[in-house]
Amino acid sequence: MTMRMTKIETQVNFDKSNTEFKEETIDFEEFKIHYIQTGNPDSPTLLFVHGSPGSWDAYKQYLQDTLLLQKFRMIAVDRPGFGYSNFGEAQDLATQSQRLTTFFKKIDNKKPITLIGHSMGGPVIVKMATENPNLYKNLVILAGSVDPKAEQPEKWQWLVKSVPVRYLVPGALRPANDELWWLKQDLFKMQPFLTKITSDVLIVHGTNDALVPYSNVAFMKKEFVNATSLSVISIQEANHFIPWEHYGIIRDALLKLE
């Protein structure tokens, strides 16, 4: 239930495709960020941010794609509280944004940066872009939960957060429940700052997404008024799991990014 690969499993994964990779954990004073990197270290960067629960390996197929490897440096992180980034210690949206921004400034190669976030990773990268609008060239939001009014926390989540019940929740499900419980209020706090986003924005969303409503697309189109550009790929009849079930569509869209 930890939803993370061991070092041996990671090595085996990349050996199968003969993909060179770098695995590292950067230890800051108050937190750690674990990540995987592939591609040319001097190329523009794709920074992948996973959903909830999850870890870097949500994007393992992208990290080994031969076409993407030719064009980009690719980095997939374990978000705070998941994988090997202070596993189990959930953080709110603001803290996640601050920690990932600190991490990225540490490894910045001064080339254009694209943030890619799926599900919970969507609002995380949006928050990052509101706080450092000049840092990111592109935002790619995959089934991202950004509209606070569309968030409907499950009634059972408050019980899972209570003591001692929360300590019976296994693995990555505990920090996932915590951050999703906070998300609605975090999104309301973020909404007034969405006008700060000046990146090129690509939204990809399935029309039959039962976990993150398709109405999020209209919300983002309304709120991202200062985005340099905004385009939408609506995948008809698709559910929430578009990074894997519609890999080709998303990979091809990434290849078109500048």
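The values are calculated or read from the model by the stated rules, or taken from the named source; none is laboratory data. As the structure is a prediction and not an experimental result, all values here were calculated from the model. Glycine also receives a Cβ, built like all others from the backbone with ideal geometry; neighbour counts cover every protein chain displayed. Heads up: the accessible areas ignore ligands, DNA and RNA and are worked out on the full protein's heavy atoms, side chains in. Shrake-Rupley method; radii C 1.70, N 1.55, O 1.52, S 1.80 Å.
Run down G39, G88 and say which single residue is in contact with a Leu (Cβ under 6 Å, 6 or more places away or on another chain) and either at pLDDT below 95 or open to solvent by 10 Å² or more (accessible area, probe 1.4 Å) (or both).
Going through G39, G88 in turn, just one is in contact with a Leu (Cβ under 6 Å, 6 or more places away or on another chain) and either at pLDDT below 95 or open to solvent by 10 Å² or more (accessible area, probe 1.4 Å) (or both): G39.
Go over the candidates A227, A210 one by one and state the one that is surrounded by 18 or more Cβ atoms within 10 Å (Cβ to Cβ), at negative phi, part of a loop (DSSP other than H, G, I, E, B) and of a type outside the set (K, R).
Sole residue among the options that is surrounded by 18 or more Cβ atoms within 10 Å (Cβ to Cβ), at negative phi, part of a loop (DSSP other than H, G, I, E, B) and of a type outside the set (K, R): A227.
Hey, among the residues in the range 192-207 that are open to solvent by 50 Å² or more (accessible area, probe 1.4 Å) and in a helix (DSSP H, G or I), which one's nearest to P148 (Cα to Cα)?
That would be P192.
Which of the residues belonging to the range 91-107 are touching a Leu at 6+ places or on another chain (Cβ under 9 Å) and either open to solvent by less than 40 Å² (accessible area, probe 1.4 Å) or among the β-branched types (V, I, T) (or both)?
Answer for the range 91-107, where residues must be touching a Leu at 6+ places or on another chain (Cβ under 9 Å) and either open to solvent by less than 40 Å² (accessible area, probe 1.4 Å) or among the β-branched types (V, I, T) (or both): L93, L100, T101, F104.
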